[in-house]
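Below is one structure; the comments refer to it alone.
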Amino acid sequence: MPSFALPRAARIARVTRTHKVAVAVLAAAGATTGLAVTAAPVHAAPAAHASAAVKPVSANGMPAKADSAKVQRPVSASVADRIKVTAVAQQGHTAEQAASRSAERPAAPKQYANNLDGWIRQALDIMKSKGIPGSYEGLHRNIMRESSGNPNAVNDWDVNAVNGIPSKGLLQVIQPTFDTYHVAGTADNLTDPVANITAAANYAAHRYGSIDNVNSAY
């Protein structure tokens, strides 16, 4: 078959079209490679980076200023804090009220046994508050000699009895002496154990310096 040569212009045009096709193929291949790279999965960032906070962005796309970002505490934590503060304040107020009531409440009176020991101890406390000298031993010793510890003992045979003012009580006190040396705050009854002891001790303090100095009839 006879050969047929294309004119030079046709050959150039053919080469140009072939080159364009090749370039298009290469471009398509490059796009495919780029697409594959873009679609490839990105490895997960370390946990430390995953929790990083996202910075706020303003309306114009620029990072927002630090002072414009409002940081709020969780509502539940805020409420819990207020409840704790209120509870502590209420506890403090309650403690203050209790302390105030305790301070205002008068102290309970001291209790004494209703026997010779209790009468002497009560008399000693009163004597101490009044500045009257005397000891447990001095009182007990004189009481046992005068009445054997009987608060209702009455001497109806001595000169005082003859004169109509018999000695009575634990320390055998006559009525005029009791009236003169009666200690305020005690009973007005001559035979009342505590009143009888304190009046006699008061009399002895004035006459002998102390009931402790009395060792016989006085």
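Consider the stretch 99-146 and keep the residues that are among the acidic types (Asp, Glu) and open to solvent by 70 Å² or more (accessible area, probe 1.4 Å). The one that is farthest from residue 196 (Cα to Cα) is 104. Checking each residue in the stretch 165-180 for being under 55 Å from the mean Cα position of the chain (by Cα) and more than 19 Å from residue 207 (Cα to Cα) picks out only 169.
Which ones in the stretch 88-127 are assigned to a loop (DSSP other than H, G, I, E, B) and not hydrophobic (A, V, I, L, M, F, W, C)?
To start, the set of residues in the stretch 88-127 that are assigned to a loop (DSSP other than H, G, I, E, B) comprises 105-115.
Within the stretch 88-127, 105, 106, 109, 110, 111, 112, 114, 115 meet the criteria.
Those helices (runs of 4 or more DSSP H) of the stretch 128-218 in which at least 1 residues are without any contact (Cβ under 8 Å) to a residue 60 or more places away in the chain and of a type in the set (Val, Ile, Thr), considering only elements entirely within it, cover 136-146, 159-162, 175-181. Among the residues of the stretch 122-137, those identified as under 22 Å from residue 208 (Cβ atoms) and within 41 Å of the chain's Cα centre (by Cα) are 123, 124, 125, 126, 127, 128, 129, 130, 131.
The values are calculated or read from the model by the stated rules, or taken from the named source; none is laboratory data. Given the structure is predicted, the values throughout are model-derived calculations rather than measurements. Please note: Cβ atoms are built from the backbone with ideal geometry, for glycine as well, and neighbour counts cover all protein chains shown. Please note that ligands, DNA and RNA were not included when accessible areas were found on the heavy atoms of the full protein model with its side chains. Shrake-Rupley method; radii C 1.70, N 1.55, O 1.52, S 1.80 Å.
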